[in-house]
Ligand SMILES: NC(=O)c1ccc[n+]([C@@H]2O[C@H](COP(=O)([O-])OP(=O)(O)OC[C@H]3O[C@@H](n4cnc5c(N)ncnc54)[C@H](O)[C@@H]3O)[C@@H](O)[C@H]2O)c1
């Protein structure tokens, strides 16, 4: 076990937060971080109570980001928080990241990185200028079998890619969307908080990221048809995107939050001229390898037949299922290596964690989808 634990702070991620628990467990899972303090939500009193329950030093809970930066920067470098995880709603990511990077902190940021391409480009330039380690929480890239998929494609095991199909279906907005009062309580449907998109910005962006992460291809053009369901609902809750990548590979992303009864049905399929690979988030320890005229093979984590990158992303022996906490934990571990500038760490990080490049790509995808759909479902470039 490492003894030089990285001091970690959270902005958001307190008791009332959805994603906070995943980040707390992920941070501990690789035994590289010491959760030290933070702003545990917009309510200071509740934040202090939450920190007390976690057993944290009360003096390291702050009322807001300004106080966090001011007080942490007063501490000697050996005590100061080094990495800050930004787990607030979307529109706060950019201003908070900008302030924290400028003040000298490394960052783990929830997706989408920003709410516009312009902000994303500006933040990426600042991060590079300041030599900041910046990890973006595209959680699914941390799954061993997603990493195995990436390695198998890179090593030519499905041949030349000829079709990509990603489905990301959820149904959780169905109980809110049909009633104007109820939907006004959902921040993901409020452009001031969520940004320009709900469904595509929340889950379509993961699908897009997985296409580029696993195939190494870049999406160049999109034709999108997004759906807000009601005229007075400003943001999309469903959509279909046709895309073309480098080398003119064709694919599609189907994303929905009104697929009634669906939970987190993310399915990624890549077909080459020599075989296909399929991964389902709700059954994440199985990677299906399809070959013409042969029974399907199922790859599973923890087995030596996997590529090293996938194998190193598993902590337990085969048959002991790991899930979303461990996937995010793998991303945290990759970021820890970069923060400590360890020998195994590569400057281009070899897929160990997404960063500002992926953050910019994500925003370019969202804005292209909106341009395409609003322009009458036409092809547009990213
Ligand atoms: N990577 C993933 O798979 C994944 C999954 C879910 C959510 N997310 C992302 O995580 C982010 C948060 O989503 P969520 O579902 O946890 O939202 P949430 O509404 O459950 O939690 C938001 C948290 O931010 C806090 N907050 C709001 N304003 C704040 C401020 N000014 N200072 C400090 N804290 C503040 C709230 O108190 C709350 O704790 C979003 O950007 C979302 O896209 C990512």
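The values are calculated or read from the model by the stated rules, or taken from the named source; none is laboratory data. Computed from a predicted structure; not experimentally measured. Positions of Cβ are backbone-derived with ideal geometry, glycine not excepted, and every protein chain shown enters the neighbour counts.
Observations on the model:
- Residue within segment 115-123 that is modelled with pLDDT of 95 or more and within 13 Å of the ligand (Cβ to nearest atom) present: yes
- Put simply, of 100, 8 the only residue that is more than 11 Å from the ligand (Cβ to nearest atom), surrounded by 15 or more Cβ atoms within 10 Å (Cβ to Cβ), under 23 Å from residue 119 (Cα atoms) and within 24 Å of the chain's Cα centre (by Cα) is 100.
- Qualifying residue in segment 106-115 (condition: without any contact (Cβ under 8 Å) to a residue 40 or more places away in the chain and either over 21 Å from the mean Cα position of the chain (by Cα) or closer than 21 Å to residue 41 by Cβ (or both)): yes
- Any hit, segment 301-318, residues being in contact (Cβ under 8 Å) with a residue 12 or more places away in the chain, under 23 Å from residue 19 (Cβ atoms) and outside any loop (DSSP other than H, G, I, E, B): no
- Among residues of segment 13-27 that are under 10 Å from residue 325 (Cα atoms) and at pLDDT 95 or above, those with a Cβ under 9 angstrom from a residue that is within 6 Å of the ligand (Cβ to nearest atom) and assigned to a helix (DSSP H, G or I), sequence gap 6+ or separate chain, pair up as 22/139; 26/139.
- Selection of segment 67-86 for residues being within 14 Å of the ligand (Cβ to nearest atom) and crowded, with 16+ Cβ neighbours inside 10 Å yields 68, 69, 84, 85, 86.
- Of the residues examined, residue 128 is not one that is modelled with pLDDT of 95 or more, within 12 Å of the ligand (Cβ to nearest atom) and closer than 24 Å to residue 365 by Cα.
- Taking the listed residues 89, 144, the one that is more than 19 Å from residue 7 (Cα to Cα), in contact (Cβ under 8 Å) with a residue 12 or more places away in the chain and within 11 Å of the ligand (Cβ to nearest atom) is 89, with no other qualifying.
- For segment 40-64, the tally of residues that are part of a helix (DSSP H, G or I) and near the ligand (Cβ under 10 Å from one of its atoms) stands at 4.
- Evaluation of residue 353 against (1) out of contact with any strand residue (DSSP E or B) (no Cβ under 8 Å at 6 or more places or on another chain); (2) closer than 24 Å to residue 25 by Cα; (3) assigned to a loop (DSSP other than H, G, I, E, B) (one fails), failing number: (1)
- Filter result for residue 168 (in contact with a helix residue (DSSP H, G or I) (Cβ under 7 Å, 6 or more places away or on another chain), part of a helix (DSSP H, G or I) and either within 16 Å of the ligand (Cβ to nearest atom) or over 30 Å from residue 311 (Cβ atoms) (or both)): no
- Elements of type helices (runs of 4 or more DSSP H) contained in segment 178-221, each with 1 or more residues being more than 16 Å from the ligand (Cβ to nearest atom) and crowded, with 23+ Cβ neighbours inside 10 Å: 205-215
- Leading residue by the ranking (farthest from residue 108 (Cα to Cα)) among those in segment 327-350 that are touching a helix residue (DSSP H, G or I) at 6+ places or on another chain (Cβ under 6 Å) and in contact (Cβ under 8 Å) with a residue 60 or more places away in the chain: 327
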